[in-house]
Amino acid sequence: MSAETVDTPAGAAPPDRAGAPATLLPGRLRIRAALRRAAPALALFATIRLTGLVTTALWAWHTGRHPRTLLGASWDSRWYLSIARHGYGAPAPTGMWPDLPLADLAFFPLYPWLARIVASLIPVGLLNAGLLVAWAASGLAAWGVFAVGAHLYDRRVGTLLVVLWALLPHGVIESLAYTESLLTALCAWSLYALLTRRFLAAAALAVLAGLARPSALAIVAAVGAVAVTHTWHRPGPLPLRLWAAALLAPLGWLGYVLWVGARAGTGPLGYFEVQELWGSRFDFGHDTLRSVKHLVLYGDPPAHVMVVAVLSVSLLLYALLVLDRPPTALLVYTTVLVVIALGGTGYFASKPRFLLPAFPLLLPLALALSRARTRTLLLTTGSLGSLALGYGIYLLTVAGLPL
C-alpha cells in the first residue's frame, strides 16, 4: 500500500463505517461508535489475555508462588514500584542489580507516576495499582492497534492485527506490570492521529510516550518524518500545526533525558552514562551478532533460541512491510524500533519484549490471514495461542532470565 491510499483530506477524520462521517458526530458519540466498531477485536484480546492470566495463576500456585507477585513484581516491575513508592534515588530493590547510585534513573517516569496516582485514588496498594495501569494500557493498546489496522485496511485486518499482537510468544508481557503496553497504547494512537492528520494530537501523545520508555524515539521520529515528507512532496508553506507537532513531539523524551543529566550532574548526555551502568549502549548490532554466534557454537538456554526465532521472523516481516509501501509514519516508527532492538547491547533475552510495540510488523501476516480459509486461520491462531500460553509460563516460572 502507498501512503496515498490511506491519507484522508486534510483536517478530516475517516468516515465511520456504520454510516455518517465521524466528523459529523459529537465527541462522545464518536468514541462510542469507535468502541462498538472495535468491540469484537477487544473481546478477543480480553479473552486471550484472561486465558493467559488464569493459566499463569494456576501454574504459579502449583509452583508455590503468588500470581500477583509474579505478574506485578518481576524484574523491572520492582524498579518501577520502588520509584512509585520512594521516588528516584532510593536504594535498589532487594536482590536487584545493579545496586548503584543513579541506576533507577534509567527507568522513565510515566508508568510509576500513573501507578502512584491510581494508588492514591483507589486503596488497593501500589502493586495492584501498577497492575491496573498495565492492564488498562493493554486494552487501550489493543484498541489503538485495531484503529490503525482498520484504517489502513478494514475491520477484519484490524481484528486479526490485535489477535496476532496478543498471541506473540512474549505476549505475556502485556499482562505484567511493565511499560511496553503503555508505550504501545500511546504510540498506536499517535500513529492513528498521524494517519488521520490530527497532527497536534499525535504530538501530544508522542510527548507522553517520551516519558514512558527510551524507545519512544520511534514515535518522535515518525512525527518528524511526516513533517519532512509533507514538505518534500507538497511544496509551499508547511501547515503551522504540523510545524508545531514536529517541535512538540520530542519534548517528553528530551525533557527527561536532560533532567537525568542535571540530576546526575554529568551534563546533557548523562542519561546515556546511566544506561552504561546497566551495560546498555548502541553498538550497531555487534553484541546481537555475538550472542547469535555463541548460541550456534556453544548452545544457550531455550529462551535464547526463541529470541533468535523472533528476531528472524521480525526481519522477514519487516521486509514484507517495506515491500507493501506503508505510510511514512508507520515505516519510520517500525524501522526505529527494529534498529533499537537489534542494535542495542546486552539483555539478549529481552529483545522480543523491546519489539512488542512494533505491531506494524504484523500487518503483512494479518492481511494474509484475512484472505485465508477459515481452517488455515483457526490452525494458525490456535498454534500461536498454544505457543504463547506455554512460553509465557516458561518465561515467568522456569527460564530465570531477565524479561
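When you scan region 282-290, do you find a residue that is part of a helix (DSSP H, G or I), under 20 Å from the mean Cα position of the chain (by Cα) and either crowded, with 19+ Cβ neighbours inside 10 Å or of a type in the set (Val, Ile, Thr) (or both), even just one?
Scanning region 282-290, I find no residue that is part of a helix (DSSP H, G or I), under 20 Å from the mean Cα position of the chain (by Cα) and either crowded, with 19+ Cβ neighbours inside 10 Å or of a type in the set (Val, Ile, Thr) (or both), so the answer is no.
Based on what the data block shows, is Val118 under 26 Å from Gly252 (Cα atoms), touching a Phe, Trp or Tyr at 6+ places or on another chain (Cβ under 7 Å) and either modelled with pLDDT of 95 or more or open to solvent by less than 30 Å² (accessible area, probe 1.4 Å) (or both)?
For Val118, the condition - under 26 Å from Gly252 (Cα atoms), touching a Phe, Trp or Tyr at 6+ places or on another chain (Cβ under 7 Å) and either modelled with pLDDT of 95 or more or open to solvent by less than 30 Å² (accessible area, probe 1.4 Å) (or both) - is not met.
State all residues of region 249-275 that are modelled with pLDDT of 90 or more and either acidic (Asp, Glu) or exposed (fewer than 14 other Cβ atoms within 10 Å of the Cβ) (or both); if no residue qualifies, say none.
Within region 249-275, Gly255, Ala262, Glu273 qualify.
Search region 332-348 for residues being open to solvent by 50 Å² or more (accessible area, probe 1.4 Å) and either in contact with a helix residue (DSSP H, G or I) (Cβ under 7 Å, 6 or more places away or on another chain) or assigned to a loop (DSSP other than H, G, I, E, B) (or both), and hand back the single one that is nearest to Thr196 (Cα to Cα).
Here the residue is Ile340.
Take region 196-208 and flag every residue that is more than 18 Å from the chain's Cα centre (by Cα), surrounded by 20 or more Cβ atoms within 10 Å (Cβ to Cβ) and assigned to a helix (DSSP H, G or I).
Hit for region 196-208 is Phe199, nothing else.
Restricting to region 70-108, count the residues that are in contact with a helix residue (DSSP H, G or I) (Cβ under 8 Å, 6 or more places away or on another chain) and closer than 20 Å to Ser350 by Cβ.
So the count comes out to 22.
Would you check if Leu363 is at pLDDT 95 or above, under 17 Å from the mean Cα position of the chain (by Cα) and over 11 Å from Leu317 (Cβ atoms)?
no
Just to check your reading of the model, which residue among Asp300, Asp287, Asp283 is under 30 Å from Ala227 (Cα atoms) and not hydrophobic (A, V, I, L, M, F, W, C)?
Sole residue among the options that is under 30 Å from Ala227 (Cα atoms) and not hydrophobic (A, V, I, L, M, F, W, C): Asp283.
Would you call Pro40 under 22 Å from the mean Cα position of the chain (by Cα) and either at pLDDT 95 or above or open to solvent by 40 Å² or more (accessible area, probe 1.4 Å) (or both)?
Considered against the rule, which asks whether it is under 22 Å from the mean Cα position of the chain (by Cα) and either at pLDDT 95 or above or open to solvent by 40 Å² or more (accessible area, probe 1.4 Å) (or both), Pro40 comes out as yes.
Which of the residues belonging to region 299-331 are more than 24 Å from Ala399 (Cα to Cα) and open to solvent by 30 Å² or more (accessible area, probe 1.4 Å)?
Leu315, Leu316, Tyr318, Ala319, Leu320, Val322, Leu323, Asp324, Arg325, Thr328, Leu331
Looking at the structure I just gave you, is Ala244 open to solvent by 70 Å² or more (accessible area, probe 1.4 Å), over 23 Å from the mean Cα position of the chain (by Cα) and among the small types (Gly, Ala, Ser)?
It is false that Ala244 is open to solvent by 70 Å² or more (accessible area, probe 1.4 Å), over 23 Å from the mean Cα position of the chain (by Cα) and among the small types (Gly, Ala, Ser).
List the pairs whose first member sits in region 262-279 and is basic (Lys, Arg), whose second member is open to solvent by less than 90 Å² (accessible area, probe 1.4 Å), and whose Cβ atoms are under 7 Å apart, counting only residues at least 6 apart or on separate chains?
Arg263/Leu105
Looking at Val228, Val172, which is the one that is open to solvent by 30 Å² or more (accessible area, probe 1.4 Å) and modelled with pLDDT under 95?
Only one candidate passes the filter, namely Val228.
For Ser215, which of the numbered conditions (1) open to solvent by less than 10 Å² (accessible area, probe 1.4 Å); (2) in contact with a helix residue (DSSP H, G or I) (Cβ under 6 Å, 6 or more places away or on another chain); (3) of a type outside the set (A, V, I, L, M) fails to hold?
The number of the failed condition is (1).
Can we say Ala92 is among the aliphatic types (A, V, I, L, M), part of a loop (DSSP other than H, G, I, E, B) and surrounded by fewer than 19 Cβ atoms within 10 Å (Cβ to Cβ)?
So Ala92 passes the test.
Can you find a residue in region 229-236 that is touching a residue at least 12 places away in the same chain (Cβ under 8 Å) and closer than 24 Å to Val310 by Cα?
no
The values are calculated or read from the model by the stated rules, or taken from the named source; none is laboratory data. No experiment lies behind these values; they were computed from the predicted model shown. Methodologically, a virtual Cβ is constructed for each residue, glycine included, from the backbone with ideal geometry; neighbour enumeration extends over all protein chains shown. Ligands, DNA and RNA are excluded from the accessible area calculation, which covers all protein heavy atoms including side chains. Shrake-Rupley method; radii C 1.70, N 1.55, O 1.52, S 1.80 Å.
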